[in-house]
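This report refers to the structure that appears directly beneath it.
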Amino acid sequence: MTDARNLPRPTQNIHEYLAEFDDIPGTRVYTAARARKGYHINQFAMSLMKAENRERFKADEKAYLDEWDISDEGKAALLARDYNKLLDLGGNVYFLAKLFSTDGLSFAEAVSTMTEYTFPEYREMMLRGGRSPEGNRSIKANRAAAGAADSKGAH
Amino acid sequence: MARITAGVASSHVPLLGVAVDQGKTRDDYFGPIFAGYDWTREWEKREKPDVVILVYNDHASAFDMKIVPTFAIGCGERYKSADEGWGPRPVPDVIGDPDLAWHIAQSLILDEFDMTIINEMDVDHGLTVPLSMMFGQPEAWPCKVVPLAVNVVTYPVPSGNRCWALGEAIRRAVESYPEDLNVQIWGTGGMSHQLQGPRAGLLNREWDNKFLDMLEADNDDARWIPHIEYLRETGSEGIEMVMWLIMRGALGRKVKTVHRHYHIPCSNTAIGHIVLEPVEEETAPA
Ligand SMILES: [Fe+2]
């Protein structure tokens, strides 16, 4: 943990604040830009809170999606349940969770589809203490470490 | 005068609610988690709070993307359990305390916290799971609840410093309420977890425990932890822990830890739970 007392205090520059988010491996922070981009995907997902909408969606997914102002790319990702793609398009997991439950998937099972693991493997990883933060904190730091290892290997 | 007698922090994983509702709290998977709350359930029976100020976040249940309040306070008479897509949890309605809630809302606004006022909403697992963990399955919840909803989903979420300062202002508001009330403040969510992307499943036992240590300390260092540290170290959803700082900020500089529990995992999440009591500090001799 960084020594909190040495950190800059009051107002942060929004550009610097946001730029740091892109340095986290395998993570799409739900920023204002993503919230704007994914607005209709998330509001579509929210509509599945109502039983009658779930029924209509299940009866004809494509027709239901056509009622929403969502790009073809977004509709294709929703039909394919490509959740990493949906995060890129501004989807947020708490909204997408309405689609998980429409599909009868547990949160953990749906989450596992975004990782390199099958659901049983994912569950096993969680039981063993979860994914380690080691090597998962910073893309730049990982690159620097890989670079250092490469140059070591060259000599 | 009303006073804040204790602060409680707890994870609010939806699966814990399922375990309670389906009677699985003592099985092999959930047993060790719920055992860590046995002490608190007995303690709450003795403490008998009149009101709990319950800091939580809504998970796309009462609020969607149409309106995203940073800090919202429930001033309603009662709140129903939300249907989160599989029917509402079978728990009693949550009874509000509109007089106290409006008093806190007004005081906070004068104290320069521009609160959103909520008169009607349903409350999701973020609020009902902690009630189940602390009180079990009563016919009616044993106390009134003032819901305090924080945006921890859409960035920027409030800073740790702002959350801590809100806690300090809540304490001043409670202490200026004339009725003699035993008030607790609960901070919920966390600890480390990430529910999205290829890095999903990240947990960080070491960081979480250092955070618990910081809450126990006689200082306010934790308020300065930047968002990026929560994100890197505790996963994208670990940011919920800023809500614990509202609880801690309301307790004053010095606290006594009366209970602490940590368990990995519950579904995707590290479970953390701590009970703190404010310690009256002697005024220095003149
Ligand atoms: Fe949460």
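Structure summary
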| read-out | value |
| --- | --- |
| Matching strands (runs of 3 or more DSSP E) fully within the stretch B:1-117 where at least 2 residues are in contact with a helix residue (DSSP H, G or I) (Cβ under 8 Å, 6 or more places away or on another chain) and more than 14 Å from chain A (Cβ to nearest Cβ) | B:3-10, B:51-56, B:71-74 |
| Any hit, the stretch A:115-135, residues being more than 9 Å from chain B (Cβ to nearest Cβ), loosely packed, with under 13 Cβ neighbours inside 10 Å, in contact (Cβ under 8 Å) with a residue 60 or more places away in the chain and not small (Gly, Ala, Ser) | no |
| Residue match in the stretch B:126-138 (condition: in contact with an Asp or Glu (Cβ under 7 Å, 6 or more places away or on another chain), within 16 Å of the ligand (Cβ to nearest atom) and modelled with pLDDT of 95 or more) | yes |
| Options A:Phe107, A:Phe95; residue that is under 16 Å from the mean Cα position of the chain (by Cα), surrounded by 14 or more Cβ atoms within 10 Å (Cβ to Cβ) and modelled with pLDDT under 95 | A:Phe107 |
| Search result, residues across the stretch B:140-153 that are within 21 Å of A:Tyr17 (Cα to Cα) and not in a loop (DSSP other than H, G, I, E, B) | B:Val150 |
| Qualifying residues in the stretch B:114-161 (those that are out of contact with any strand residue (DSSP E or B) (no Cβ under 7 Å at 6 or more places or on another chain), surrounded by fewer than 19 Cβ atoms within 10 Å (Cβ to Cβ) and of a type in the set (D, E, K, R)) - the one farthest from B:Glu44 (Cα to Cα) | B:Asp114 |
| Filter result (outside any strand (DSSP E or B), within 14 Å of chain A (Cβ to nearest Cβ) and within 16 Å of the ligand (Cβ to nearest atom)) within the stretch B:240-276 | B:Glu240, B:Met241, B:Val242, B:Leu245, B:Ser267, B:Asn268 |
| For B:Ala250: the one exception among (1) open to solvent by 10 Å² or more (accessible area, probe 1.4 Å); (2) more than 22 Å from B:Leu16 (Cα to Cα); (3) not basic (Lys, Arg) | (1) |
| Residue within the stretch A:72-87 that is within 8 Å of another protein chain (Cβ to nearest Cβ) and either open to solvent by 50 Å² or more (accessible area, probe 1.4 Å) or of a type outside the set (Phe, Trp, Tyr) (or both) present | yes |
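The values are calculated or read from the model by the stated rules, or taken from the named source; none is laboratory data. All values derive from a computational prediction rather than experimental measurement. Here the Cβ is made from the backbone with ideal geometry for all residues, glycine too, and neighbour counts use every protein chain on show. Each accessible area value is taken on the protein alone, full model and side chains, heavy atoms only, with ligands, DNA and RNA left out. Shrake-Rupley method; radii C 1.70, N 1.55, O 1.52, S 1.80 Å.
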